[in-house]
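The values are calculated or read from the model by the stated rules, or taken from the named source; none is laboratory data. Here the structure is a predicted model, which means the values were calculated and not measured. Cβ placement follows ideal geometry from the backbone for every residue including glycine, while neighbour counts extend to all protein chains displayed.
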Amino acid sequence: MNARRFSLPATRRSITHKFVVGGHEGYLTVGMHPDGAPGEIFIKIAKDGSTLSGMCQAFCRAFSLSLQYGLTVEESVSRFKNMRFEPMGATSNPEIPEAASIVDYVARFLELHFVSRPKAKLALAEAFA
């Protein structure tokens, strides 16, 4: 079996989203392919150097590689949505008022903007063209 990786170009469009989950502030950056589909994610947590920050970086690397090797956003989201662990709780996003974890929050954000609303995906891609 030969897996093919679809890496993003050196210069790519992206969106950055500020969030709070259970009192923990962070920034989610989604790097996009030229067609507007996500190809990588990064999370920057305010508590740099913490175990939480390290686990977020590991999750981002795994999620990004899964997308680049062909797992769809829908399939990726289904595997990470509803994962429950601390920090959890209220969020700063009215579209996602509660999250079971930061991983759950990221999966729900990606679902909202890249799965459930195809027109939103196109609007994001056009806004950053």
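With closer than 17 Å to VAL115 by Cα, surrounded by 14 or more Cβ atoms within 10 Å (Cβ to Cβ) and modelled with pLDDT of 95 or more as the only criterion, which of SER101, SER14 stands out? Outline the logic, then answer.
Working: SER101 fails: closer than 17 Å to VAL115 by Cα.
Unique residue meeting the criteria: SER14.
Between a residue in segment 7-18 that is without any contact (Cβ under 8 Å) to a residue 24 or more places away in the chain and under 15 Å from PHE42 (Cα atoms) and any residue that is exposed (fewer than 15 other Cβ atoms within 10 Å of the Cβ) and not basic (Lys, Arg), which pairs come within a Cβ distance under 7 Å, given they are 6 or more apart or on different chains?
THR16/TYR27; THR16/THR29
Quick grid of which residues meet (1) more than 26 Å from GLY89 (Cα to Cα); (2) surrounded by 17 or more Cβ atoms within 10 Å (Cβ to Cβ):
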{"position": "LEU8", "(1), (2)": "yes, yes"}
{"position": "PHE19", "(1), (2)": "no, yes"}
{"position": "GLY26", "(1), (2)": "no, yes"}
{"position": "ASP35", "(1), (2)": "yes, no"}
{"position": "GLY39", "(1), (2)": "yes, yes"}
{"position": "ILE45", "(1), (2)": "no, yes"}
{"position": "PHE59", "(1), (2)": "no, yes"}
{"position": "LEU67", "(1), (2)": "yes, yes"}
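Please enumerate the residues belonging to segment 71-98 that are of a type outside the set (D, E, K, R), farther than 16 Å from MET55 by Cα, in a loop (DSSP other than H, G, I, E, B) and touching a helix residue (DSSP H, G or I) at 6+ places or on another chain (Cβ under 7 Å).
Going residue by residue through segment 71-98, those that are of a type outside the set (D, E, K, R) are 71-73, 76-78, 80, 82-83, 85, 87-94, 96-97.
Cutting the leftovers down to farther than 16 Å from MET55 by Cα gives us 71-73, 76-78, 82, 89-94, 96-97.
Next cut, in a loop (DSSP other than H, G, I, E, B) only: 71-72, 82, 94.
Listed by number, the list holds a single entry, ASN82.
Within segment 52-70, can you find the residues that are under 17 Å from ARG4 (Cβ atoms) and either part of a helix (DSSP H, G or I) or among the aromatic types (Phe, Trp, Tyr) (or both)? Step through it out loud before you land on a result.
Keep residues of segment 52-70 that are under 17 Å from ARG4 (Cβ atoms), which gives 64-70.
Within segment 52-70, SER64, LEU65, SER66, LEU67, GLN68, TYR69 meet the criteria.
Does segment 22-45 hold any residues that are closer than 20 Å to ILE96 by Cα, of a type outside the set (D, E, K, R) and more than 14 Å from the chain's Cα centre (by Cα), and which are they?
In the first step, residues of segment 22-45 are kept if they are closer than 20 Å to ILE96 by Cα; the result is 22-30, 38, 41-45.
Next, from what is left, pick out any that are of a type outside the set (D, E, K, R): 22-24, 26-30, 38, 41-43, 45.
Matches in segment 22-45: GLY22, GLY23, HIS24.
Specify which of the listed residues (GLY26, GLY31, GLY49, GLY39) is part of a strand (DSSP E or B), more than 18 Å from PHE114 (Cβ to Cβ) and of a type in the set (Gly, Ala, Ser). Explain how you work it out, then say what you get.
Values: GLY31 fails: more than 18 Å from PHE114 (Cβ to Cβ); GLY49 fails: part of a strand (DSSP E or B); GLY39 fails: more than 18 Å from PHE114 (Cβ to Cβ).
Checking each option against the conditions leaves just GLY26.
Looking only at segment 9-21, which residues are closer than 20 Å to PRO97 by Cβ, out of contact with any helix residue (DSSP H, G or I) (no Cβ under 9 Å at 6 or more places or on another chain) and of a type in the set (A, V, I, L, M)?
VAL20
Checking MET55 against (1) modelled with pLDDT of 95 or more; (2) surrounded by fewer than 16 Cβ atoms within 10 Å (Cβ to Cβ), only one condition comes out false. Which one?
(1)
Just give me the residues in segment 64-106 being within 14 Å of the chain's Cα centre (by Cα), among the hydroxyl-bearing types (Ser, Thr, Tyr) and more than 20 Å from GLY26 (Cβ to Cβ), in sequence order.
Listed by number, the residues that qualify are SER66, THR72, SER78.
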